[in-house]
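Asker: The structure that follows is given in the form of structure tokens.
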Amino acid sequence: MITNWLSEPSLTAAILATLLPFAAFILIMVFTRKYPRLSAGLSIAAVGISLISALFLLVRHWHLQTPLEYTGRWLLSGDVAVPFGYLLDQTSLLMLSVVATISFLVQVYSLGYMAGDAGFSRYYACMSLFAWAMMSMTLSPTMLQLYIFWELVGLASYLLIGFWYEKFSATEAGKKAFVMTRFGDVAFFLGLLLVLVHLGNLNVLEMNGPQVATRMSSTYITIAALLIFGGIIGKSAQFPLLTWLPDAMEGPTPVSALLHSATMVAAGVYLFGRLFPFFSQSAAAMAIFLMIGTVSMLLASTMAMVSRDIKQVWAYSTISQLGFMIMGLAAGSYFAGMFHLTTHAGFKALLFLCAGVFIHSFESNDMFDIGRQGGRRLKIPMACTIIAAAALAGLPPLSGFFSKEVILGALAELNNPLWLAAGLLGAFLTAYYTFRLIFIILFPRQSGAESESGHGHDHGGYWVMGWPLIVLAAITVLLGFFQGALEAFFSGQQGIPVAGAGHHGWLPFAAIGLALGGVLLAWLEFGRQGADQVGFVEKIAPLNHLFAQRWYIDRFYRRFMDVFIYGVVSNLFTRNDKKVIDGGLDGLSQATVETGRLVSLLHRGMVQYRLLTIFVVLVFLGLYFFI
Amino acid sequence: MIVPFNHVLILAGLLFLMGIFCVVARRSLIMILLGVEVMLNAAAILLVGASLRWQNLDGQAIVLFVFAIAAAEVSVGLALIVWAYRRTGSINPENYNILK
């Protein structure tokens, strides 16, 4: 791999794409921390070249037939070789492009958003680290390498969520994200070990290949799939590990945009796509995935219906859309999940970046507050939010509509109509809560302060922050029309079972109808003249409470922590610490002191002690010689 | 031999241990000397017993020598103790540690 890497343009591009952000990270951390502008320039240049390389790879391998794999030995121990390298196939190429695009746009946007922040250089260093980890993860040829970068993604997101470390809630949120995802990662790692024991290596292509079924019994495949899915649950914030994502709002908004669209949470779904043939060998595991996806999707939708925090609404919507993707994948349609992942990355980044502009301009997260201060005066973000929200709600002709349609089509293929019903309900709820937010900002009730609220415009960073929005909006509008092309792109991939694309003529109409119904309900309650802007959920106090408290999941964890972790586990460990470890050490030192005192008797010049020693030695000698 | 040889062995062993205890534990030069005497006597008892057991007079002959040596040892030892007491005013062995 090393010898002729210059003669392989694909490999050169892959190396450039993945290594440059890392180089930027090192350079910024070591040399340019004092010069924020230089740091930002370095980071953006690195990720820009990554973007170009990624697009080059995508175009060059558009008609890829067999996956390209470049590996070199990284570690060699006995007959165990740990390879390291790049795997280029449809899944990784598409994801690489998505990650590079979003990272690039978010970093440009951050020039405006983070201007003047004390940790500007540190911010860009972490962003580079994030981009590097995520892009290297997508190109990993083995699960071990993927796992390493998977953890690095977790580390980078921890650093960025807790970026404003002087804020207590931010460090808490970072910690929560780290610990909760780690919880899933333990299961992930165990699953990998299980596969390793049976298969002998962790090569992605081999895990996806047909020979797995011959080497592992179906029970073990199910167990391994479930354990690996634990990592996905943690990373993609699915039920029951979903509460870290809403708290991750404590980081800077561009970080949220990156986290929610292309990097952190997308990593989970990407892993699902990566190992899709492996997972699909176990029908039982797939059924459980489908259930988890559905539950997360519906739970998060209900939470989003009552939240007042603009970022939090989008966070819940991310969970619910990730649930959607997992539903699509678990329903057996590989293309559905990956397509929705791609479109979602576009419009969710757009939503967060727009929210960032609002928050930056009005210094408030509360949607009522933003509306009152004149959020609709900010033309570009408002228009972009509406476009992205419509895409999120699944309205044609935006990208979200197409990808949601594919997922619903996959769900309709299933025998049980319950899943399709849940999917449609989710679509309805999504439309409702999305447009609730839009109408609240667009039609504020008491708009007294609106006259002098145009101050958002004279922010220097407005245009810097503006044009990534426009690019993303264009992607959101146009991406849906590339569905056919993407489908053809993915059809070249081997080992992916082709889902029977049955035709359900009524489905798009039902979906559009429900989405429009959701919008209409939101309009009746929030938009129209004289509406009291109180949702039907908020009128039912217990329901409102339940949703606002996130179904008491956090409360449950709190109690679980108090009762089980602190009450039982930590108590036992404290005891062990005091009694066994401390006691053992104390005993040891006590014994040493006592022995020392005994030995010191010999040095007192006292004749009787010497006599005693002589006798004892003689007794032992006698025992030794005569017995 | 009316007394079983085992009993002789036990008696001699006990006496020897008592001698050791006396030598090691008592804080007096005279008692140390006494302990040594007791140990010598324990050995002498064993020798007598053994000579009876195997019907061999060598053991009893050696015991006579032991008595003579013991008497000589006690006289020299006591004389040394008296002299040491005159020099230092103490017969406690803890005070005789100038070679430390």
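Values in this text are rule-based calculations from the coordinates and carry no lab data. Please read these numbers as outputs of a predicted model, since none were measured by experiment. For neighbour counting, all protein chains shown are included, and Cβ atoms are generated from backbone atoms with ideal geometry for every residue, glycine included.
The rows are residues; the columns are (1) away from chain A (no Cβ under 14 Å); (2) basic (Lys, Arg); (3) touching a Ser or Thr at 6+ places or on another chain (Cβ under 8 Å).
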| position | (1), (2), (3) |
| --- | --- |
| B:28 | no, no, no |
| B:46 | yes, no, no |
| B:50 | yes, no, no |
| B:64 | yes, no, no |
| B:69 | yes, no, no |
| B:85 | yes, no, no |
| B:89 | yes, no, no |
| B:92 | no, no, yes |
| B:97 | no, no, no |
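Asker: Let me ask something else. Take residue B:57 and tell me if it is away from chain A (no Cβ under 14 Å) and either buried (at least 17 other Cβ atoms within 10 Å of the Cβ) or touching a residue at least 24 places away in the same chain (Cβ under 8 Å) (or both).
Answerer: Judged against the criteria, residue B:57 is not a match.
Asker: Still on this structure, I have one more. If you check residue B:73 against the conditions, is it surrounded by 12 or more Cβ atoms within 10 Å (Cβ to Cβ) and more than 14 Å from chain A (Cβ to nearest Cβ)?
Answerer: yes
Asker: Which one of the conditions (1) loosely packed, with under 11 Cβ neighbours inside 10 Å; (2) more than 14 Å from every other protein chain (Cβ to nearest Cβ); (3) not hydrophobic (A, V, I, L, M, F, W, C) does residue A:571 fail to meet, given that it meets all the rest?
Answerer: Checking residue A:571 against (1) loosely packed, with under 11 Cβ neighbours inside 10 Å; (2) more than 14 Å from every other protein chain (Cβ to nearest Cβ); (3) not hydrophobic (A, V, I, L, M, F, W, C), the one that fails is (1).
Asker: A follow-up question, please. Just give me the residues in region A:91-103 being touching a residue at least 40 places away in the same chain (Cβ under 8 Å) and either touching a His at 6+ places or on another chain (Cβ under 8 Å) or closer than 11 Å to residue A:262 by Cα (or both), in sequence order.
Answerer: Selection gives A:95, A:96, A:97, A:98, A:99, A:100, A:101, A:102, A:103.
Asker: Okay, next question. With (1) under 13 Å from the mean Cα position of the chain (by Cα); (2) of a type in the set (Phe, Trp, Tyr); (3) more than 14 Å from every other protein chain (Cβ to nearest Cβ) as the list, and residue B:16 as the residue in question, which single condition is left unmet?
Answerer: Going through the list (1) under 13 Å from the mean Cα position of the chain (by Cα); (2) of a type in the set (Phe, Trp, Tyr); (3) more than 14 Å from every other protein chain (Cβ to nearest Cβ), residue B:16 breaks only (3).
Asker: Continuing with this model, one more query. Kindly provide the set of residues from region A:163-212 that are assigned to a helix (DSSP H, G or I), acidic (Asp, Glu) and free of Cβ contacts under 8 Å to residues at least 40 places away in the same chain, ordered by number.
Answerer: A:206
Asker: Has region A:230-248 got at least one residue that is within 15 Å of residue A:277 (Cα to Cα), under 21 Å from the mean Cα position of the chain (by Cα) and part of a helix (DSSP H, G or I)?
Answerer: No, region A:230-248 contains no residue that is within 15 Å of residue A:277 (Cα to Cα), under 21 Å from the mean Cα position of the chain (by Cα) and part of a helix (DSSP H, G or I).
Asker: Hey, which of the helices (runs of 4 or more DSSP H) in region A:534-579, taking only ones fully inside, have at least 3 residues that are among the aromatic types (Phe, Trp, Tyr)?
Answerer: A:553-560
Asker: What do you reckon, is residue A:306 surrounded by fewer than 24 Cβ atoms within 10 Å (Cβ to Cβ) and either at negative phi or among the polar types (S, T, N, Q) (or both)?
Answerer: The answer is yes for residue A:306.
Asker: All but one of (1) surrounded by fewer than 24 Cβ atoms within 10 Å (Cβ to Cβ); (2) among the hydroxyl-bearing types (Ser, Thr, Tyr); (3) in contact with a Ser or Thr (Cβ under 6 Å, 6 or more places away or on another chain) hold for residue A:128; state the number of the condition that does not hold.
Answerer: That leaves (1) as the condition not met.
Asker: Could you pull out the residue among A:525, A:594 that is surrounded by 12 or more Cβ atoms within 10 Å (Cβ to Cβ), among the charged types (D, E, K, R) and away from chain B (no Cβ under 14 Å)?
Answerer: A:525
Asker: Right, something else. For region A:264-271, indicate whether the set of residues that are farther than 17 Å from residue A:134 by Cβ and in contact (Cβ under 8 Å) with a residue 24 or more places away in the chain is non-empty.
Answerer: No - not one qualifying residue is present in region A:264-271.
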